[in-house]
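For reference, the structure discussed in these notes is given below.
The values are calculated or read from the model by the stated rules, or taken from the named source; none is laboratory data. Computed from a predicted model, the values in this text were never measured in an experiment. When we count neighbours, we look across all protein chains shown, and the Cβ atoms used for this are built from the backbone with ideal geometry, even at glycine. Protein only, heavy atoms only, side chains kept; ligands, DNA and RNA dropped before computing areas. Shrake-Rupley method; radii C 1.70, N 1.55, O 1.52, S 1.80 Å.
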Amino acid sequence: MAITGFVSGRSSTQKAYPGKTTPFVILTCLVAATGGLIFGYDLGISGGVTSMEPFLSKFFPSVHRKMMMAADRSSNQYCKFDSQLLTTFTSSLYLATLLTSLLASTVTRALGRKNSMLIGGVIFLAGSVMNGAAENVAMLIVGRILLGVGVGFACQVNSFLSATIHSSDDDHLNVSTIRLQAAPLYLSEMAPPHLRGMLNMGFQLMITFGIFSANLVNYGTSKITGDWSWRISLSLAAVPAMIITVGSVFLPDSPNSLVARGQTEKARTTLQRIRGIQDVDEEFNDMVAASDESKRVRHGWSNMGKRKHRPQLVMAVLLPSFQQLTGINVIMFYAPVLFKTIGFGSNGSLMSAVIVGLVNMFATLVSISTVDKIGRRSLYLEGGPQMFVCQIIVGTLIAVNFGSTGEASMSKLYAWIVVAFICIYVAGFAWSWGPLTILLPSEIFPLEIRTAAQSLAISVNMFFTFSIAQAFLPLLCHLKFGLFYFFGGWVVIMTTFIYFFLPETKNIPIEKMVLVWRDHWFWGRFIDDDGHAHGGQEPVDAVENNRKVVSAI
Ligand code: BGC
């Protein structure tokens, strides 16, 4: 079976490199997909174990006592899980990922992507063992930090976090079909414009699959009495870690990485092995040209400050911040805790989390199949109001039932109505701000700032993910039902922002993206003082260079 590489050149031409689907290709697909899975599993697993009684009584006895007291409905339901230590268990992972993703790029440059993946896999494995075997809170938190470090390294394989590295190191996906699973940056460059959105969102789909798997595992293990429940949930993170670790032992170092480190002959023979054919000249030459070219665009960070890049800089910061300010991770991290707060038992709250996870996954598929037809803006502008309406309804339902004292109980039917609106809210997120916020940063940045801007977008995302994970339980205790109005307010702001400031990028070849900014009523003023955009096109050599880099990375 031939593997096809696509180039989104000036005329959207497609370029096909010859090659076969070798075992390397399949293994790399598996390893790349595992990157999203790991991330999703860790997102989803902590909330479930946090709501398990054996876990709480062992590590957080004061929270457990509050939860037991709240069972009589005469004490404040909003505050029963309020504990900074408990939120640190969830949030520490994201801080560790943020910091490691910066460091991992240097390690990858020096040691190559294969070794970087191996290091990540082993650290991740150590984290899951430490969590599964935890005897005290310190072991739990150190384990979560190790998982975060592992994610920071392991995600280098699919570039979700690899934007912190230089483009010459963007060798993550020289094995063509892997692009179907991951690598937003690479995907955007290689996909034909009319399919770019669809292909790119595979990574988000794997995240949602990871979250759903975690919800399902928690539901299953909660039936086990005693410590084995949470121990199994936390230890199962070792499965994807094993796939990455073992995969990285068997995968060859990527040809791009070898070229970047000057080992050109080894790079050529590796490419021949990966492709399963001898004649790889065309692809190899493009790869070398790309490596040379990428050395010329090393100054992404300083270039990003230029006035002409102001629109992209604003998007790199605001889109990922807004994504987290939708409040989605209140649900993804803490759904079981939230459902317990509104009165479900352990079984009901974990079951509701499974339903929410399923909705999240299927709604992402809706986005994947429509994004290249109806466009990015329509999805954002539909998803935003849908989320807002649900947030107001959920907040009001909780307010009517619990008031501001939180001293009440909720009937089963009432609680299921709340869950139904949470599902509609999650669906709205999953076909708008979820996948689009992975897609857009990878398609709107010009080559000279692409890796730096992508890196910025991911770091901002991680920072807000960490902050919301840390702040949710105290916020719930203090803002009460108002927490849903708080996030609803942000959704109004971000939807208005999209309406006025985000141009439609559907079907626009990457190289012509500058035109959508130049023609925009607001952003146009930042671009027209620069020859780069004046003539309505990037200079021909820039387009041609871009094409070369794109064709080989
Ligand atoms: C976000 C995560 C979120 C997930 C939900 C991702 O795009 O970055 O923070 O939990 O979507 O599916």
Given (1) under 30 Å from GLY348 (Cβ atoms); (2) away from the ligand (no atom under 16 Å from the Cβ), number of the condition PHE429 does not satisfy: (2)
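How many of the residues in region 401-435 are in a loop (DSSP other than H, G, I, E, B) and within 22 Å of VAL371 (Cβ to Cβ)?
2
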Which residues, counting only those in region 283-316, are at pLDDT 85 or above, open to solvent by less than 50 Å² (accessible area, probe 1.4 Å) and in contact with an Asp or Glu (Cβ under 8 Å, 6 or more places away or on another chain)? LYS308
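Within the group LEU95, LEU86, LEU99, which residue is open to solvent by less than 10 Å² (accessible area, probe 1.4 Å) and within 25 Å of SER467 (Cβ to Cβ)? Can you show your working first?
Details: LEU95 fails: open to solvent by less than 10 Å² (accessible area, probe 1.4 Å); LEU99 fails: open to solvent by less than 10 Å² (accessible area, probe 1.4 Å).
Unique residue meeting the criteria: LEU86.
If you go through region 241-260 one residue at a time, do you hit one that is part of a helix (DSSP H, G or I), more than 16 Å from the ligand (Cβ to nearest atom), closer than 30 Å to MET513 by Cα and within 20 Å of the chain's Cα centre (by Cα)?
No - not one qualifying residue is present in region 241-260.
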Find the residue count for region 338-376, including only residues that are more than 15 Å from the ligand (Cβ to nearest atom), β-branched (Val, Ile, Thr) and either open to solvent by less than 10 Å² (accessible area, probe 1.4 Å) or closer than 29 Å to CYS477 by Cβ (or both). 2
For ILE438, the lone unmet condition from (1) out of contact with any Cys (no Cβ under 8 Å at 6 or more places or on another chain); (2) under 25 Å from MET67 (Cβ atoms); (3) part of a helix (DSSP H, G or I); (4) aliphatic (A, V, I, L, M) is (2)
Give region 312-324 a look and list any residue that's out of contact with any Gly (no Cβ under 9 Å at 6 or more places or on another chain) and either within 14 Å of the ligand (Cβ to nearest atom) or part of a loop (DSSP other than H, G, I, E, B) (or both), or say none. LEU319, PRO320, SER321, PHE322, GLN324
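May I ask you to list the residues in region 506-515 that are in contact (Cβ under 8 Å) with a residue 24 or more places away in the chain and in a helix (DSSP H, G or I)?
Scanning region 506-515 gives ILE510, GLU511, LYS512, MET513, VAL514.
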